[in-house]
Structure formats: C-alpha cells, structure tokens
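Visitor: Have a look at the structure that comes next, please.
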Amino acid sequence: MLKSKKMLITLSLLAVSMSLAACGGNNNGNSTTGGNANASASANTNANAPASESPSTDAAATTEANGPTEAKPAELTIWPDTAEDKLAVIQAAADKYTAATGIKINIKPVAMNDQPDVLALDGPAGKGPDLFYQPGIGSLVVKGLVQEVKASDEVKGTYTPEALAALSQNGVLYGLPLVTETYALFYNKKLVPTAPATIADLEQIMKDQTDAKKQNYGFLFEAANFYFAWGFLGGEGGYIFKDNGGKYDINDIGLNKEGTVKGASLIQSWFNNGYLPKGVNGDIVGGLFTQGKVGAVINGPWAINDYKKALGDDLAVAPIPNLEGGAHPTSFIGVKGWMLSKFSKSPEWAADFAAFLTNEENALEYFKKTGEVPPVINVLNNPVLTGDPLVAGFSQQIQYGQPFPTVPELDHVWDPMANALKFITEGKDVQASLDDAVKLINDKMKMAGAK
C-alpha cells in the first residue's frame with residue numbers, strides 16, 4: 001500500500017503536534033460543529049437572526065429554512081451497538097435533540113455485527129431504523145442498505161477527510177463518522193516498566209514472565225483474530241488486495257504471499273515456544289490483564305476505561321514494537337459511524353440527527369465517557385485529547401496503520417482468514433493454511449458475482 005495514499009498520514013491527528021492545516025484544510029474555523037443539526041433545531045429561533053451568531057448544540061442557531069426541507073417526522077429510530085456505557089451518552093444527546101426539535105428518538109440497540117442482516121429483513125418490512133451504526137461502508141451499498149447522506153460542506157468540513165472517505169464509496173457519502181480507531185500495545189508498568197521498542201524486546205518479556213501453569217504471561221493478544229493479527233502480517237509486507245494508486249485489484253490477493261507468510265510464522269512461533277496459550281480470546285486477554293497477570297496486551301481504545309479502572313496509573317499505551325528489520329506493525333485503522341438507512345422515510349432529518357450526534361460538543365462528550373476518539377477536527381485539537389498520554393500512545397501507532405480496503409469483497413476475507421489463523425496457532429503448516437484461505441476467498445467472491 002503506497003505511503004502517500006494511507007489514511008494514516010492525516011489520521012495522526014491525535015498527536016499533540018497536529019495542526020488544523022494538516023487535516024486537509026477543511027476546517028471552517030468555527031469552534032462549533034453542529035452543522036445542519038443546529039440549523040434544524042431552530043423552530044423557536046428568530047428567522048432574522050444574524051448568520052454570524054455562534055451556534056449552540058443545545059438550541060437553535062439558524063433558520064429552519066437552512067435545515068431539512070422535508071416534512072418534520074414525529075420520531076426517528078436509530079440502532080446503536082449494545083454497549084451500555086455508549087448507550088447512555090447517545091441517550092443524553094438524543095434527549096437534547098428532542099428538546100430542540102420536538103422529534104422523538106427511538107433508540108433500539110442491535111449488536112453492530114448483526115445489524116446488516118437484521119436490516120435486510122426489517123428494512124423492507126418497514127421496521128428498520130433511520131440510522132444504524134457500522135464500522136465502515138463494507139458491502140452495505142451492494143446490499144442496498146444505505147442511501148446518500150446529503151450533508152452541507154460546513155458539516156463535512158468538521159470531520160477529517162479520511163474519516164468521510166471511509167464511509168463513502170465511489171465518491172458518495174453514506175454516513176457520518178463518530179469514532180476513528182486502531183489498536184496499540186497496552187502495558188502494566190508494574191510488570192513492564194518501559195515499553196518494548198522491538199519484537200525482540202517483547203519476546204524477552206514473554207520469555208521472562210510467562211508461566212502458563214500460574215496463568216502469568218508476558219504478552220497476550222487475540223492471535224486468531226484477523227483484525228488484530230493483521231498488524232504483524234501487513235507489517236512484514238503482506239497485503240489483502242493490491243492497492244494500485246487507491247484502486248484495489250481484487251484479483252491480486254496477497255494473503256498467501258511472502259510477507260503474510262512471514263508475519264503468520266512469527267505469530268506461530270509464539271505458540272510453539274509456549275508464550276501464548278492456544279485458544280486465547282478477548283475474554284482471556286482482558287481478564288488476565290486486568291488481574292495484573294499479563295505484562296502487555298494488544299487492544300483498542302474501547303478497552304481504556306476498563307483497563308484504567310483495574311490498573312489505574314500503572315496503565316500505559318505505546319506503539320506495537322518494531323518488527324525484525326525495523327518495520328512497523330500495520331494495525332488496521334477503522335472508522336465507525338452513523339449510516340443512513342436506505343429505508344428511512346425521513347432521510348434529511350435522519351442525516352441532520354447524525355450530524356448532531358457527531359458534532360463537536362457531543363463527540364467530545366462521547367470521548368470523555370467512552371475513551372473512543374472522534375475524527376472531528378476541533379475535538380482532535382482539544383487539550384482533553386492532546387494532553388492524554390493514553391490517547392497519545394494510540395496517536396503514535398496510528399501513524400503506521402492501514403485503512404481497510406474500501407471494497408465489498410473485504411467481507412469475504414474475514415472468515416477464511418480466521419480459520420487459517422486458528423490452524424496456524426494450532427501448529428498447522430503456515431503456507432498451506434494461507435493457500436486454503438485464499439482459495440476460499442476467491443471461491444466466495446466468485447459465488448457473489450465478483451469479476
């Protein structure tokens with residue numbers, strides 16, 4: 001993947017030294033990013049209010065004429081993910097929107113991974129949401145589950161360009177972003193006083209601190225999870241689909257080629273040496289780390305709050321250690337956002353509410369309550385983020401990350417690679433396992449009509 005094309009260059013926005021100019025120059029300089037959400041929350045506002053007034057996310061700011069032109073609905077329905085801490089923040093924002101517009105917000109949590117399948121059934125039956133929450137565009141367009149978000153330049157200018165690109169396909173925007181994320185190395189300073197800089201350093205920690213009988217480990221991560229394993233596979237030169245100047249060639253799959261094989265072999269060596277337990281999963285990783293029985297783990301910013309409660313000031317975050325030869329592990333960069341359902345009967349108002357949920361005030365509150373970082377330019381420049389050492393650790397890793405390929409065929413990669421990694425962690429031949437995965441990916445793409 002060409003360095004110049006990576007989302008990582010501008011998404012190192014989390015670093016203290018970032019500037020608004022580095023974000024593509026799309027910031028309009030307004031410290032409030034409510035956009036259309038503020039325009040719509042204006043039923044009681046003087047239509048002759050001067051345009052230069054600073055808008056508020058809690059009340060109306062501009063004239064109704066500048067908001068949605070369609071009839072105002074009595075209610076909107078949204079499907080957030082099921083995490084309770086996040087639901088509380090969303091509910092608070094929804095209450096503010098209802099107070100400002102009079103539109104009732106029905107919040108119906110549906111597990112994020114289940115939403116596309118549920119929507120495919122409920123949407124045509126009229127039981128679907130206006131907005132639903134997803135990690136990127138994936139195959140939502142091909143499946144006919146989303147429609148274009150018609151947001152103003154002012155609204156779009158509040159987000160990083162790369163975050164908008166992650167929720168777009170062929171130049172069409174289908175959602176508004178709430179969270180940008182990658183994963184990094186969490187470590188317990190009681191067990192690992194200094195962050196390991198290289199894989200050799202990390203392996204020494206594994207060797208010194210691993211005692212499987214006592215469930216003590218130097219390092220743990222979900223090795224059979226392609227999402228987390230990719231950092232090592234891509235870092236060694238692997239690729240999913242060949243990136244030709246920003247266009248992905250789905251007929252050129254790199255998942256069984258030299259770089260991926262080298263990265264997978266590294267992971268397998270940790271199992272062969274007894275450093276990682278077979279069957280390690282997220283519950284094991286999080287449970288043992290919060291009990292103080294693991295020196296370091298790989299996880300994402302969603303884990304900050306739980307880890308901080310357990311470890312307090314002993315918790316630290318650093319980039320994933322450099323590979324042999326100096327290459328950086330290439331963690332995935334993901335963007336989660338509110339997608340506009342194809343079946344919404346009030347698409348303008350749904351888009352307006354999505355803008356409100358992701359504006360500066362609500363996005364900053366979301367970060368404070370969940371630890372998840374919004375790709376909202378003014379929030380990224382807020383001292384609450386720039387002064388947080390845990391967030392700074394992720395900002396360093398994100399410089400080496402890679403965005404997900406924005407092609408629907410990515411959906412066919414996950415299961416075959418999960419199976420291959422499972423076999424690899426169990427000691428099966430690395431090359432053969434990856435060859436089988438690529439064959440299955442090709443078969444699945446052909447069955448789905450890929451050319």
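The values are calculated or read from the model by the stated rules, or taken from the named source; none is laboratory data. Computed from a predicted model, the values in this text were never measured in an experiment. Positions of Cβ are backbone-derived with ideal geometry, glycine not excepted, and every protein chain shown enters the neighbour counts. Heavy atoms of the whole protein, side chains included, go into the accessibility calculation; ligands, DNA and RNA do not. Shrake-Rupley method; radii C 1.70, N 1.55, O 1.52, S 1.80 Å.
Visitor: Residue check: is K368 over 27 Å from A224 (Cβ atoms), charged (D, E, K, R) and surrounded by fewer than 18 Cβ atoms within 10 Å (Cβ to Cβ)?
Guide: So K368 fits the description; yes.
Visitor: Could you say whether any residue in the stretch 426-439 is within 16 Å of the chain's Cα centre (by Cα) and part of a helix (DSSP H, G or I)? Steps first, answer last, please.
Guide: From the stretch 426-439, those within 16 Å of the chain's Cα centre (by Cα) are none; that's our starting set.
No, the stretch 426-439 has no match at all.
Visitor: Starting from residues that are among the hydrophobic types (A, V, I, L, M, F, W, C), outside any helix (DSSP H, G or I) and more than 18 Å from A432 (Cα to Cα), keep the ones in the stretch 235-280 and report whichever is nearest to the chain's Cα centre (by Cα).
Guide: Residues of the stretch 235-280 that are among the hydrophobic types (A, V, I, L, M, F, W, C), as a first pass: 240-241, 250, 253, 255, 261, 264, 266-267, 270-271, 276, 280.
Adding the requirement that they be outside any helix (DSSP H, G or I) leaves 240-241, 250, 253, 255, 276, 280.
In the following step, the residues that additionally are more than 18 Å from A432 (Cα to Cα) were identified as 241, 250, 276, 280.
Values: F241: 20, I250: 23, L276: 26, V280: 22 Å.
Looking at residues that are among the hydrophobic types (A, V, I, L, M, F, W, C), outside any helix (DSSP H, G or I) and more than 18 Å from A432 (Cα to Cα), I get F241.
Visitor: Determine whether A351 is open to solvent by less than 40 Å² (accessible area, probe 1.4 Å), in a helix (DSSP H, G or I) and either more than 30 Å from F271 (Cα to Cα) or modelled with pLDDT of 95 or more (or both).
Guide: yes
Visitor: Right, another one. Need pairs with beta-carbon distance below 7 Å; first residue at positive phi and within the stretch 101-121, second open to solvent by 50 Å² or more (accessible area, probe 1.4 Å) and among the hydrophobic types (A, V, I, L, M, F, W, C); sequence gap 6+ or separate chains.
Guide: So the pair list comes out as G102/A43.
Visitor: Looking only at the stretch 371-410, count how many residues are charged (D, E, K, R), open to solvent by 30 Å² or more (accessible area, probe 1.4 Å) and within 17 Å of the chain's Cα centre (by Cα).
Guide: Summing the residues that are charged (D, E, K, R), open to solvent by 30 Å² or more (accessible area, probe 1.4 Å) and within 17 Å of the chain's Cα centre (by Cα) in the stretch 371-410 gives 0.
Visitor: I'd like the full set of residues that are in contact with a Gly (Cβ under 9 Å, 6 or more places away or on another chain), in a loop (DSSP other than H, G, I, E, B) and over 30 Å from P405 (Cβ atoms), limited to the stretch 197-234.
Guide: Selection gives T210 alone.
Visitor: For the stretch 100-187, which fully contained helices (runs of 4 or more DSSP H) count at least 3 residues that are buried (at least 22 other Cβ atoms within 10 Å of the Cβ)?
Guide: In the stretch 100-187, the matching helices (runs of 4 or more DSSP H) lie at 161-166.
Visitor: Another one. Just to verify a result, which residue in the stretch 253-306, among those that are among the basic types (K, R) and modelled with pLDDT of 95 or more, is farthest from L323 (Cα to Cα)? Can you show your working first?
Guide: Filtering the stretch 253-306 down to residues among the basic types (K, R) leaves 257, 262, 278, 293.
Right, trim to modelled with pLDDT of 95 or more and you get 257, 262, 293.
Details: K257: 18, K262: 11, K293: 25 Å.
The selected residue is K293.
Visitor: For residues that are open to solvent by 10 Å² or more (accessible area, probe 1.4 Å), part of a strand (DSSP E or B) and over 18 Å from V285 (Cα atoms), tally how many sit in the stretch 299-339.
Guide: 2
Visitor: Any idea which of D243, D211 is acidic (D, E) and surrounded by fewer than 16 Cβ atoms within 10 Å (Cβ to Cβ)?
Guide: One residue alone meets the criteria, D211.
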